[in-house]
Amino acid sequence: MQLSSYQDLRTELISRRITCEKVVLDYLERIDRHRDDNIYITVFHEQAVEKARELDKKLNEGGVPGKLFGMPMAIKDNISIKGAGLTCASRILENYESVYDATAVRRLEDEDAVFLGKTNMDEFAMGSSNENSAFGAVPNPFDKTRVPGGSSGGSAAAVAAGLALTALGSDTGGSVRQPAGFCDIVGLKPTYGRISRYGLVAFASSFDQIGVLARNCDDASLVLGIMAGKDEHDATSSHRDVPDYMADMAAVKVDGLKIGVPKEYFHESLNREVGEIVRAKLNELRDKGAELVDITLPESDYAIAAYYILVTAEASSNLARFDGARYGYRSSRAEDVLAMYVNSRTEGFGKEVKRRIMLGTYVLSAGYYDTYYKKAQQVRRVFQDRYREALEKVDVIAGPTSPFPPFSIGEKMDDPLEMYLADVFTVPASIVGMPAVSVPVGMDSRNLPVGMHLICDFFEEGKLMGIARHLQRR
Ligand code: GLN
């Protein structure tokens, strides 16, 4: 049985018209049928069925079903589940097993979610197409010659293809939102610090956030509400109370809503159809009483440059731990300590990861630190001020999620700078740390999905999702 919202599935499960076991077996069967699509790196065939049976038993014995009772979920393979693989789609962690649960995972599990497996991704979450994976590319479910976006490409494709109802991804500069846009689903990145990063393999720690991929805004908000909140294992997790996102969403009215539309987002390089579809959707909201406010964010041109300096700097430091001694792969050519480090890293990491480690080491080196790293930090501050000022005047900032529709597999692999441009609209919210979402708003003339990207002020996830809900296609 394939239901498109968790509420519908839950009704069936709680009324016992269907069992968790049946639901999970159906999903596993579909996953196996789509094995060639490379969406999952690991499938929990036994564990998922076992968990489903436990849940059925609990219900039959009169137990209270958790808030995510029987929700079939996929987890990106850079988020820890104790005892399961944690490859980050890298050779270097190919045989590594998690020794603890991520806090987010723990909280989902405590509410009776069922994990179906771990999904494919760009190696260490570095990429926009899922092509930088040691396990190979993932085709876009809407056109198999094209990419699903990245780096959470496996999670997005899983939800879009019905191989999971919802999925976790991680978003450092757009990795939940951009693939959601490419796969016609909802992708939410919360405020930095809203969800604990404990158990998420670090890429760029001051940007990384776990996010949710779902078929609709209600499911995404439900899952967010379970994971959000203070965690003593992550000092950057926020103390703020977690609001009732469902109630906050329901309170959002289109009438009187002020939508900021930055002119820089509708640059001439924007794909024409993407621009038209997003514009048309904004006009629909205007016709329902929203006010479209022209705003300007002149620094937008510097977003990609600042982002790639800051995240590569943090990545070069975070990835130093993969040295052949402590985790995962060790080269057989390890005659001495230096050879062990060098050969393990040379053989274990892929091309993009190496590029970023080198770039990050360079921008942090004495003599270049002030010119690059420090400058980029200052730019980050300016972005924070500008977005804050903008959001004092409007409720939300809206634009396209990606400047182009899903591109062909291989198309941008030889040109990293072209690839980096895929994130031009998603990166600013990550630089400032604000919550943002991609919501599906239409299909172009080739039947490729187009997403709209919305940014709200810090901790306004309820409002953000309430606005997105008015936009989502039924
Ligand atoms: N595509 C961006 C990058 O390669 C974003 C990645 C991410 O959000 N993890 O850095």
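Please treat every number below as a calculation from the coordinates, not as lab data. These numbers were taken from a predicted model, which means no experiment stands behind them. All Cβ positions, glycine included, derive from the backbone under ideal geometry; neighbour counts span all protein chains shown.
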Completion exercise
Per residue convex hull volume, Cα only, region 188-346, in Å³ is 189 Å³
Exercise for the section: Take Asp32, project a point 7 Å from its Cα along the Cβ direction, then tell me which residues of region 49-67 have their backbone nitrogen under 17 Å from it. Expected result: 49-53
Problem - Set of lysines near Lys22 by C-alpha distance (under 21 Å), chain-local residues within fewer than 8 positions excluded - result: Lys51, Lys57, Lys58, Lys67, Lys118
Practice task
Any aspartates and glutamates with Cα under 15 Å of the Lys230 Cα? List them, leaving off those in the same chain fewer than 8 positions away.
Solution key: Asp241
Practice task
Please report Arg106, Arg194, Arg381 as a ranked list, fewest other C-beta atoms within 10 angstrom at the top and most at the bottom.
Solution key: Arg381, Arg106, Arg194
Completion exercise
With the convex hull built on the alpha-carbon atoms of region 64-171, volume per residue in Å³ sits at 87 Å³
Exercise for the section: Based on other C-beta atoms within 10 Å, arrange Tyr308, Tyr368 from fewest to most. Expected result: Tyr368, Tyr308
Practice task
Quick one: compute the contact order of region 223-350, relative version, from alpha carbon pairs under 8 angstrom and 6+ residues apart, as a percent.
Solution key: 17 percent
Problem - Ranking of His453, His45 by count of other Cβ atoms within 10 Å, fewest first - result: His45, His453
Handout entry: Radius of gyration and maximum dimension Dmax of the chain, Cα, Å
Key = 21.3, 71
Practice task
Would you mind giving the average projected area, over all directions, of the Cα convex hull of region 1-131 in nm² with one decimal?
Solution key: 8.4 nm²
Problem - Residue-wise HN-Hα coupling along region 197-204, computed from phi with Karplus coefficients 6.51, -1.76, 1.60 (Hz; x: Gly, Pro) - result: 8, 4, x, 9, 5, 6, 10, 10
Exercise for the section: Return the FRET efficiency for the residue pair Arg53, Glu392: r is the Cβ-Cβ distance, R0 is 56 Å, and the value is rounded to the nearest 0.05. Expected result: 0.60
Exercise for the section: At 7 Å along the Cα-to-beta-carbon direction for both Glu268 and Arg17, put a label point, then send me their distance in nm to one decimal. Expected result: 5.6 nm
Completion exercise
Using the Kirkwood formula on alpha carbons, the hydrodynamic radius of region 1-67 in angstrom works out to 12.9 Å
Completion exercise
Note: Thr346 to His233 extended length (0.36 nm per residue) minus current alpha-carbon separation gives 37.5 nm
Practice task
Using Cα pairs closer than 8 Å and at least 6 residues apart in sequence, work out the relative contact order for the chain, in percent.
Solution key: 17 percent
Handout entry: Under the span-like rule (Cα at least 18 Å along the axis, Kyte-Doolittle mean at least 0.5), DSSP H helices of the chain
Key = 303-318
Fill in the blank from the handout: If R0 = 30 Å, then Lys253 and Asp385, at their Cβ-Cβ distance, give a FRET efficiency to the nearest 0.05 of 0.55
Handout entry: Nitroxide proxy distance, nm - points 7 Å out along Cα→Cβ at His45 and Asp414
Key = 4.1 nm
Fill in the blank from the handout: In region 1-132 the DSSP beta bridges are antiparallel at a rate, in percent to nearest 5, of 45 percent
Practice task
Can you check what the net charge comes to around Phe203, using other residues whose Cβ is under 12 Å from the Cβ of Phe203 (Lys, Arg +1; Asp, Glu -1)?
Solution key: -3
Practice task
Run through the DSSP bridge list for the chain and note the antiparallel percent, rounded to the nearest 5.
Solution key: 65 percent
